[in-house]
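Everything below concerns the one structure shown next.
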Amino acid sequence: MSAQIGITEAQIDMLGVAESFCREKSPMDKVRDQLTTELGYDENIWREMGDLGWLAIAIPEEFGGVGLSLTEVAPVAEQLGRYMLTTPFSSTTIAAQALIMGGADSLKSEILPLISAGQAATIALSEPNGDWELSNVETEAVRDGKDYRLNGKKTFVMDLLASNWVIISAILEGQIALFCVTTASIPRENIRRETLVDETKRGYELTMDGLIVGKETLLDLEQVSATLNHIHLVANLLGAAELTGGCQACIDYTVEYLKTRKQFGKLIGSFQALKHPTVDAFVDYQKSRSLLYAAAFSFAKQGEGEIATRMAKAQADKAMSFAADRSIQFHGGFGFTYDCDAQLYRRRAIFNASQYGDARYHKGKLADLLL
Amino acid sequence: MSAEVKEFAKDAEGWFAEHTPADPDFMLPLTFMEVGTDQQFEFLRDWQRKVYEAGYLGAAWPKVYGGGGLTQAHQDAATAAMRKHNAPIMFNTIGLGWAGPLILDIGTEAHKKKYIKGILNAEDVWCQGFSEPEHGSDLGNAQLKAVRDGDEYVLNGSKIWTTHGHYAKYMILLARTNQDAPNKYAGLSFFLSPMTVEGIETVKIRKLTGEHGFTQTFFTDARIPADGLMGKEGHGWKIAMQTLMYERNAKGGQAGGYSITEVNPLEILELARKAKRGGKPVLDDPVIREQLVDFMIDAQAFKLNGARAKLPPLNQDCPQAIPLMSKLIMTEYMREINQFALSLQGTKSGYYVGEENAIDDGYWHRGYLNAFSATIGGGTSQIQRNIIGEHALSLPKTR
């Protein structure tokens, strides 16, 4: 395994720009304001992100993108996670990557320029079976004249109401097919908002119920397996980035309390029973960040990218889960309340572990790759 | 890497391929703290001299004092070549890694001329006199007394855990020159002290492994030259802290090479492949597999931390974090992976060094027990957590 982190100038620029943007736009009271809104995000901020070209970063220039790579996307996801600035950024990036990897040219040239300009898209792959393996699909597609008829149920369809397109997996004649469907064609009653542990996020259950989709929506059948694999790794890279950024914020939040709260006449941060686990969380976070930037750097490299990404997600899950768990505990009685931000961080960590595999899942995969 | 460094790296690579010695018929120390027999000492001293003479140690130190006069990139390439060929350690660590850089940074011209070359060619072995029997983690409370008398200081007291105490010609010494200072730190001074004067006596300490490795050092009216004082009287604490920064690899300037043989998770993999439970390889056990992957992630993260520490844009939030934590991470990793290696050995984990049926001659047992030298020495892991908490996270002081 090589142990390299390369940085690109564009990546460092993105890191700086994203940090100051997210810090300014997303103070914690704004985050909390969005917990109860229908879409879960501020549409003006989302529009600004589109105007800044953040959705276009890893889209090829021929489709209206900037032509960089996920190396430059990772720092944006990290800062969004750090400031809990929730938008359809991740779901849209994943959907765009799916199209780049597996879409027919006609789909790519129709949709990618619109995504580059800031329109949202998402994917519908998870099913009620709760399996992390994206190949475990029960939704069915059957031919219906020139079209296809879909039947089945999808879960954790993120930001579906905000999206113009949704990429749905279904079994077609014994193998998995992917359809990129216009959300306008889906009846509203087929969509139910799910109650998620992370209240900053919006996920939906999608019941296909005989949904008719045209054959032009079909992604390249030859590329489905590679595309699902790519989606899985992209989602984990972004998930790891969000977790790593969130972990940093969570530790900062805890440290601030340990530096101001007094008991027994002393600042509680001077007690080693609190100080040492906080340092352990910080050590885990630093490892997480190193693994994240290595994964971002080597993402496109055959084999190496997969190992680096799984390591990054496994470590990020471990780091933020521990940091947020201790954050609740170290805030004492306040930590047990809804008002304490520790719960937001803990819920975020639970949610990000729940999507595309937690630490143990990835370590199992790594064992098969490395041992 | 510049073309010149590439060329140097290639030469180093060739040199270590040709000259790295085969394992002798006795066990070599895995760390500089484990030099316990004359045989081991002679072997490592010869090896260090050879590496220095070939130009692969101290390559970045100034030529005028005995260094190679090249760049850190040259030395890093040489160190990488050593590692690649699994060469024995550079054992004169306290000179190469701590005293040497300190002397080059703040020593007088005379100090540099007198000490640097002997550190590099292993002619002069160095030891460190910081801890005392009653003052370990509370180093600032050190009590060994140094009283000025003309051109000399007279030393009385005792130091402990003196690695290489038995072989050393010089010691970096923390001593109390002022009993009435306003606080405990202000009374301390820092000396480059000879070990070969009358009144300094070393007594070997037997370690938990049963081997020898360091001494207790007694000072009874020992007279040392006053020109060994570093900085001024009362500056001892600050200089000791600077020395610890080199020791914990939180500050650069070391001569190069490595002083601890790293455990490669792949070696453990070999163990797990051979060990059987119910006739099946332990490597098939999902719990063992997960633990192995944990170690691989940790090893990779440690290396990547090193790579990231060299990229300032990725460290802006807390530039000193990675350097401050590397000692804690590495030493705890070594302890844990050695312990894990024992757990793979079934009944054979009950053997010890010297037993003919022991796996790898008891290498892992010795490694595990010796690993505590690093989690305790140089500031315990618990003290490291205080330091990281207070310096990197600005948490309130514990003391």
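The values are calculated or read from the model by the stated rules, or taken from the named source; none is laboratory data. Remember, predicted model here, so these are calculated numbers, not experimental data. Methodologically, a virtual Cβ is constructed for each residue, glycine included, from the backbone with ideal geometry; neighbour enumeration extends over all protein chains shown.
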Subset of region A:194-241 (residues that are among the aliphatic types (A, V, I, L, M) and within 30 Å of A:Asp33 (Cα to Cα)): A:Leu196, A:Val197, A:Leu206, A:Val234, A:Ala235, A:Leu237, A:Leu238, A:Ala240, A:Ala241
Among (1) touching a helix residue (DSSP H, G or I) at 6+ places or on another chain (Cβ under 8 Å); (2) without any contact (Cβ under 8 Å) to a residue 24 or more places away in the chain, the one test that A:Phe21 misses: (2)
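Could you say whether any residue in region A:88-99 is assigned to a helix (DSSP H, G or I), free of Cβ contacts under 8 Å to residues at least 60 places away in the same chain and under 18 Å from the mean Cα position of the chain (by Cα)?
Within region A:88-99, the first condition is being assigned to a helix (DSSP H, G or I), and the residues that meet it are A:89-99.
From what's left, free of Cβ contacts under 8 Å to residues at least 60 places away in the same chain: A:89, A:96.
Then drop every residue that is not under 18 Å from the mean Cα position of the chain (by Cα), which leaves A:89, A:96.
Yes, because at least one residue in region A:88-99 is assigned to a helix (DSSP H, G or I), free of Cβ contacts under 8 Å to residues at least 60 places away in the same chain and under 18 Å from the mean Cα position of the chain (by Cα).
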Unmet requirement for B:Lys348, which otherwise passes all of (1) buried (at least 19 other Cβ atoms within 10 Å of the Cβ); (2) basic (Lys, Arg); (3) more than 9 Å from every other protein chain (Cβ to nearest Cβ): (1)
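Each row is one residue, and each column tells you yes or no for (1) away from chain B (no Cβ under 12 Å); (2) buried (at least 17 other Cβ atoms within 10 Å of the Cβ).
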site: A:Gln4; (1), (2): no, no
site: A:Ile7; (1), (2): no, yes
site: A:Met14; (1), (2): no, yes
site: A:Glu19; (1), (2): no, yes
site: A:Cys22; (1), (2): yes, yes
site: A:Pro27; (1), (2): yes, no
Breaking point among (1) away from chain A (no Cβ under 11 Å); (2) outside any helix (DSSP H, G or I), for B:Leu369: (2)
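Condition first: outside any helix (DSSP H, G or I) and buried (at least 22 other Cβ atoms within 10 Å of the Cβ). Now tell me which residues in region B:289-344 satisfy that. Working first, answer last.
Taking region B:289-344 first, the residues outside any helix (DSSP H, G or I) are B:310-311, B:315-320, B:344.
Hit for region B:289-344 is B:Leu344, nothing else.
Given the criteria closer than 30 Å to A:Gly6 by Cα and either more than 20 Å from the chain's Cα centre (by Cα) or within 14 Å of chain A (Cβ to nearest Cβ) (or both), does B:Ser326 qualify? Before the answer, list the steps.
Values: closer than 30 Å to A:Gly6 by Cα: yes; either more than 20 Å from the chain's Cα centre (by Cα) or within 14 Å of chain A (Cβ to nearest Cβ) (or both): yes.
Considered against the rule, which asks whether it is closer than 30 Å to A:Gly6 by Cα and either more than 20 Å from the chain's Cα centre (by Cα) or within 14 Å of chain A (Cβ to nearest Cβ) (or both), B:Ser326 comes out as yes.
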Scope region B:197-223; condition surrounded by 22 or more Cβ atoms within 10 Å (Cβ to Cβ) and at pLDDT below 95; matching residues: B:Gly213, B:Phe214, B:Thr215
Residue that is nearest to A:Val279 (Cα to Cα), among those in region A:217-260 that are within 14 Å of another protein chain (Cβ to nearest Cβ), among the aliphatic types (A, V, I, L, M) and in contact (Cβ under 8 Å) with a residue 40 or more places away in the chain: A:Ile251
Residues within region B:292-314 that are more than 9 Å from chain A (Cβ to nearest Cβ) and either farther than 21 Å from A:Ser2 by Cα or more than 25 Å from the chain's Cα centre (by Cα) (or both), tallied: 1
Unmet requirement for A:Leu55, which otherwise passes all of (1) closer than 30 Å to A:Gly305 by Cβ; (2) touching a residue at least 12 places away in the same chain (Cβ under 8 Å); (3) over 20 Å from the mean Cα position of the chain (by Cα): (3)
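Find the helices (runs of 4 or more DSSP H) located wholly in region A:277-371 whose residues include 3 or more that are more than 14 Å from A:Cys247 (Cα to Cα) and assigned by TED's automatic domain parsing to the domain that holds A:Thr254, and list them.
Numbers: elements: A:304-330, A:332-335, A:342-354, A:359-370.
It comes to A:304-330, A:332-335, A:359-370.
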Residues being without any contact (Cβ under 8 Å) to a residue 40 or more places away in the chain and away from chain A (no Cβ under 12 Å) - total across region B:329-345: 3
Residue within region B:76-96 that is farther than 30 Å from B:Arg366 by Cβ, in contact (Cβ under 8 Å) with a residue 24 or more places away in the chain and assigned to a loop (DSSP other than H, G, I, E, B) present: no
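For region A:261-276, which positions are assigned to a helix (DSSP H, G or I) and either more than 10 Å from chain B (Cβ to nearest Cβ) or of a type in the set (A, V, I, L, M, F, W, C) (or both)? If you could, list the steps in order and put the result at the bottom.
Of all residues in region A:261-276, those assigned to a helix (DSSP H, G or I) come to A:268-270, A:272-276.
Selection gives A:Ile268, A:Ala273, A:Leu274.
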Check on A:Glu133, surrounded by 14 or more Cβ atoms within 10 Å (Cβ to Cβ), assigned to a loop (DSSP other than H, G, I, E, B) and charged (D, E, K, R): no
Failed criterion for B:Gly379 (all others in (1) more than 10 Å from every other protein chain (Cβ to nearest Cβ); (2) within 30 Å of A:Lys259 (Cβ to Cβ); (3) over 24 Å from the mean Cα position of the chain (by Cα) hold): (3)
Unique residue being under 19 Å from the mean Cα position of the chain (by Cα) and either touching a residue at least 12 places away in the same chain (Cβ under 8 Å) or away from every other protein chain (no Cβ under 11 Å) (or both) when the list is A:Lys301, A:Lys318, A:Lys287: A:Lys318
